[in-house]
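Report on the following structure.
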Amino acid sequence: MAATAEVVCPECDETLKVPPSAFGKKGKCKHCGHTFVLKAPATKAAPKAAKPEESGAKPPAAPPSAPRSPFLDDDEDANQKIELITDDEAPRCPHCAQELDPPDAIVCVHCGFNNRTRATATTKKVWAPSAEDWIMHLLPGIIAAAVCIGLIVLNVIVFMRMREWMAGSFLEMEEVDAAGRKRFFVAPGFFICLSMVFSIMLFVPAVKMAYRRLYLEFKPPEQVKV
């Protein structure tokens, strides 16, 4: 039968059974989960007893041992309440080499290193954006959105009114087409297409500005406190 010793957990005061070979190593209490160094219990020197032949007294009978479970062997009995943790087995932070608490922690409590993203957490103090900051940040996006709407409305009007605007100008001819309308030296469709080309040149960057400022970068940039 393997010899065992009793160690008291400094956190919950529970008595734990450990093998003497575990002294000097780290262990985890199965009751409260506290990790501590296993130390041998202090022993007091017992006074030298007189020999039975000299004193004539019979040696005291040994106290009866506690009933032992038939389902545990010696090794299981010695380690049923304690879990040994050696220095090599304890997980450590790859950035500061400190032990992780708890062992499966994602962020190190000592240096803030994130074991999942492999980046060190940093903190900074920023000023809260004021109403003026919001207005100045969103104003370009609002103007760009208004330009996009204006260009669409302008092209609709040009498409519907271009022939009427050209009537009576130097571009009008005396001839009429099959529908009985006056013909022009330059077709109204040419000016309509020209208006659409110039509108697209302004519309594309205006849409990008409105999308970026009103959606992607909606919040004003942070101003770090010095």
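What to note about this one:
- Of the residues making up region 168-192, those that are surrounded by fewer than 13 Cβ atoms within 10 Å (Cβ to Cβ) and either touching a strand residue (DSSP E or B) at 6+ places or on another chain (Cβ under 7 Å) or in a helix (DSSP H, G or I) (or both) are Met173, Glu175, Val176, Asp177, Arg183, Phe185, Gly189, Phe190.
- Region 1-20 - residue that is more than 44 Å from the chain's Cα centre (by Cα) and over 16 Å from Val37 (Cβ atoms) and, of those, modelled with the highest pLDDT: Thr4
- Qualifying positions in region 1-21 - in contact with a strand residue (DSSP E or B) (Cβ under 8 Å, 6 or more places away or on another chain), under 15 Å from Ala40 (Cα atoms) and part of a loop (DSSP other than H, G, I, E, B): Thr4, Cys9, Pro10, Pro19
- Residues of region 177-207 that are basic (Lys, Arg) and touching a residue at least 12 places away in the same chain (Cβ under 8 Å): Arg181, Lys182.
- Filtering region 135-142 for residues that are farther than 30 Å from Gln223 by Cβ and aliphatic (A, V, I, L, M) leaves an empty set.
- Residue within region 119-129 that is touching a helix residue (DSSP H, G or I) at 6+ places or on another chain (Cβ under 7 Å) and surrounded by 10 or more Cβ atoms within 10 Å (Cβ to Cβ) present: no
- Cross-chain or 6+ apart pairs with Cβ under 7 Å, region 112-125 first and over 16 Å from Leu100 (Cα atoms), then part of a loop (DSSP other than H, G, I, E, B): Lys125/Lys225
The values are calculated or read from the model by the stated rules, or taken from the named source; none is laboratory data. Here the structure is a predicted model, which is why all the values come from computation and not from measurement. Cβ atoms come from the backbone with ideal geometry, glycine included; neighbour counts cover every protein chain shown.
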